[in-house]
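As structure tokens, the structure follows; a few thoughts come after it.
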Amino acid sequence: MKPAALVTGARRGIGRATCVALAEKGFDLVGADISEEGAEDTGAAVRAAGGGFVFVRADVGDVAAHGALLDAAWSAFGGLECLANVAGVQVAKRQDMLETTPESWDRLLDINTRGTFFLSQVVAKRMIAPDAPKRGHRSLCFVSSVNSVMASLNRAEYCVSKAGVTMVAKLFALRLAADGINTYDIQPGMIRTDMTREVWESYAAQIEGGLTPIRRWGEAEDIGRAIATLAAGAMPFSTGHSFPVDGGLLMPRF
């Protein structure tokens, strides 16, 4: 049987691109998202790439519902070899960190960090069970951000939430290595998705001027291909490390 992956945030953007890239690597896909809008398009793209697709409506921030999500995902294709934690949210309003509200802080940390940690926890427990299938390389993939290490004063809560994701990846790497499960932290740079739409225009000139050595916006497919490459086992002797996919943004320069 083919390996299977659960991808959160699957109905659009990086989530959809990840589903398609994994299908091209031979995976069947379970896509999860808070809304069904766009899920049919993801499913069609996955099937065109050769994979099976099942959609499950789920809120990653609702920790109490993680068990039901996992049950649905596990039963869809008889197990999981990969969890790709793509779902996440951006700040509702970019503003000085001195104006950050507790409500915005809690929303970002609850979804991006807390939800990601506890979904990974329930999936990991099922994956290390004695009767879990092992149909290929097994992994947990985390999508953090260059803001795990780069501070943005107008998105303080986002930076903190994504730094937390990077640490979550390291923790699961240490816990699961002996069970043959690798973890990877993918750190996107400036990626052209709906989440970044409000800054497309303002960043375009900076990118063209050399803000990133590769002078273009990143695309969702750039991240999807990176996740799929790692999930397919191309780097089996690496775990817990961060992989910037950022056009060279994080590279130190003088």
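Remark: pairs (first residue in the stretch 180-197, in contact (Cβ under 8 Å) with a residue 60 or more places away in the chain; second residue of a type in the set (A, V, I, L, M, F, W, C) and not in a strand (DSSP E or B); Cβ separation under 6 Å; 6+ apart in sequence or on different chains) = GLN187/VAL146; PRO188/ILE223; GLY189/VAL146; GLY189/LEU249; THR193/ALA220. Looking across the stretch 191-226, the residues that are at pLDDT 80 or above, part of a helix (DSSP H, G or I) and among the small types (Gly, Ala, Ser) come down to ALA204, ALA205, ALA220, GLY224, ALA226.
Give the stretch 180-219 a look and list any residue that's closer than 20 Å to ALA231 by Cβ and either of a type in the set (A, V, I, L, M, F, W, C) or loosely packed, with under 14 Cβ neighbours inside 10 Å (or both), or say none. Of everything in the stretch 180-219, those that are closer than 20 Å to ALA231 by Cβ and either of a type in the set (A, V, I, L, M, F, W, C) or loosely packed, with under 14 Cβ neighbours inside 10 Å (or both) turn out to be GLY180, ILE181, ILE186, ILE191. Only residues that are buried (at least 19 other Cβ atoms within 10 Å of the Cβ) and out of contact with any Gly (no Cβ under 7 Å at 6 or more places or on another chain) were counted across the stretch 167-179, and they come to 3. Please verify whether the stretch 108-130 includes one or more residues that are in contact (Cβ under 8 Å) with a residue 24 or more places away in the chain, surrounded by 21 or more Cβ atoms within 10 Å (Cβ to Cβ), over 28 Å from LEU250 (Cβ atoms) and out of contact with any Asp or Glu (no Cβ under 8 Å at 6 or more places or on another chain). Yes, because at least one residue in the stretch 108-130 is in contact (Cβ under 8 Å) with a residue 24 or more places away in the chain, surrounded by 21 or more Cβ atoms within 10 Å (Cβ to Cβ), over 28 Å from LEU250 (Cβ atoms) and out of contact with any Asp or Glu (no Cβ under 8 Å at 6 or more places or on another chain). Any idea which residue in the stretch 1-51 is surrounded by the fewest Cβ atoms within 10 Å (Cβ to Cβ), counting only those that are out of contact with any strand residue (DSSP E or B) (no Cβ under 7 Å at 6 or more places or on another chain), in contact (Cβ under 8 Å) with a residue 60 or more places away in the chain and small (Gly, Ala, Ser)? The selected residue is GLY26. Summed over the stretch 131-156, residues that are surrounded by fewer than 24 Cβ atoms within 10 Å (Cβ to Cβ) and part of a loop (DSSP other than H, G, I, E, B) total 14. Can you tell me which residue in the stretch 227-247 is surrounded by the fewest Cβ atoms within 10 Å (Cβ to Cβ), limited to those that are assigned to a helix (DSSP H, G or I) and in contact with a Leu (Cβ under 9 Å, 6 or more places away or on another chain)? Top of the filtered list is ALA228. When the residues of the stretch 64-99 are filtered to those that are within 17 Å of the chain's Cα centre (by Cα) and assigned to a helix (DSSP H, G or I), the one that is surrounded by the most Cβ atoms within 10 Å (Cβ to Cβ) is ALA73.
The values are calculated or read from the model by the stated rules, or taken from the named source; none is laboratory data. None of the values given here were measured: they were computed from a predicted structure. In this analysis, Cβ positions are derived from the backbone assuming ideal geometry, glycine residues included, and neighbour counts consider all displayed protein chains.
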